[in-house]
Amino acid sequence: MKLLTVLILVIFICHIIIDFLPGSARLETFGYWQKKFLTEARKKELEANQSEKRKIKIAPKFWALIHKPIIRFLPLLFIIDGLVYRMGILYSPYLSFFNPIDIYLQIIGLIIIFFGLILYLISGKTIIRYVYSIATKERKMMTTGLYAYIRHPYYLSFILIPVGFLLLTLNYLSLFYFLAFTVGTNPDEECDREGKFTFITTEARCSEEGLKKIYGIAYEEYMEKTGRFLPKLRK
């Protein structure tokens, strides 16, 4: 039990470190890498987009302001509780799904969040370098590495991390963390989701619609060979 507590604290600390990387926030991830790989064409494209004024409703705008603090500081509360109070406050019966805590679910959550964080780092750097740092017309369809098996490893990490966190903590407060990671309010005209709440799976589908417009038949053939979040069983 003590070893599991230590592992939980290590995962939370790693999460805090990753999340406080320069520019590392929900769908604005890895600002350092974006600056490093940013092309002049993409820079002009971003400046043109910023000049456009978009109307966003109050509720999505408010959520956009609070979801980052939730992602960043909720794990910090668990770290403080673990180090100072030995998991005595946030793991109390009043805040926990189970009493006593189910250790097997915690182990599963530990494994899931570990792989989620690794996937977040690997796919995040890839997508920043080859998508968000270059102009739309310069982008090439990614079909190698993780993308040879699934179309959205980056979005998958935004599902694995909060699910793992939920199982790891078994705490009602983690429901807010789950929503903060999986519900976005990005201003995007694709699929008529500009200024609206969108779940991560909806963002993935809308992304595919945009990519089909850019790459046409090539992307449709790629979709037939790969799964959205899980690899397809090939014949």
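The values are calculated or read from the model by the stated rules, or taken from the named source; none is laboratory data. The shown structure was predicted, so the numbers you read here are calculated from the model rather than taken from an experiment. So basically every Cβ, Gly included, is an ideal-geometry build from the backbone, and we count neighbours across all protein chains shown.
Just a few scattered comments:
- Those residues of the stretch 105-115 which are surrounded by 17 or more Cβ atoms within 10 Å (Cβ to Cβ) and either of a type outside the set (S, T, N, Q) or outside any helix (DSSP H, G or I) (or both), in sequence order: Gly109, Leu110, Ile112, Ile113, Phe114
- Among the candidates Leu146, Leu90, Leu83, residue that is in a helix (DSSP H, G or I) and touching a residue at least 40 places away in the same chain (Cβ under 8 Å): Leu83
- Output for the stretch 136-158, where each listed residue is surrounded by 15 or more Cβ atoms within 10 Å (Cβ to Cβ) and of a type in the set (A, V, I, L, M, F, W, C): Met142, Leu146, Ile150, Leu156, Phe158
- Meets criteria (part of a loop (DSSP other than H, G, I, E, B), over 14 Å from the mean Cα position of the chain (by Cα) and of a type outside the set (Ser, Thr, Tyr)) for Ile134: yes
Each row is one residue, and each column tells you yes or no for (1) surrounded by 14 or more Cβ atoms within 10 Å (Cβ to Cβ); (2) at pLDDT below 80.
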position: Pro93; (1), (2): no, yes
position: Ile103; (1), (2): no, no
position: Leu117; (1), (2): yes, no
position: Ser123; (1), (2): yes, no
position: Ile128; (1), (2): yes, yes
position: Val131; (1), (2): yes, yes
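- Test: Pro75 is modelled with pLDDT of 70 or more, out of contact with any helix residue (DSSP H, G or I) (no Cβ under 8 Å at 6 or more places or on another chain) and part of a helix (DSSP H, G or I): no
- Among the residues of the stretch 59-91, those that are among the small types (Gly, Ala, Ser), over 16 Å from Phe178 (Cα atoms) and surrounded by 12 or more Cβ atoms within 10 Å (Cβ to Cβ) comprise Ala59, Gly82.
- Annotation: Met141 fulfils all but one of (1) closer than 20 Å to Pro231 by Cα; (2) assigned to a helix (DSSP H, G or I); the unmet one is (2).
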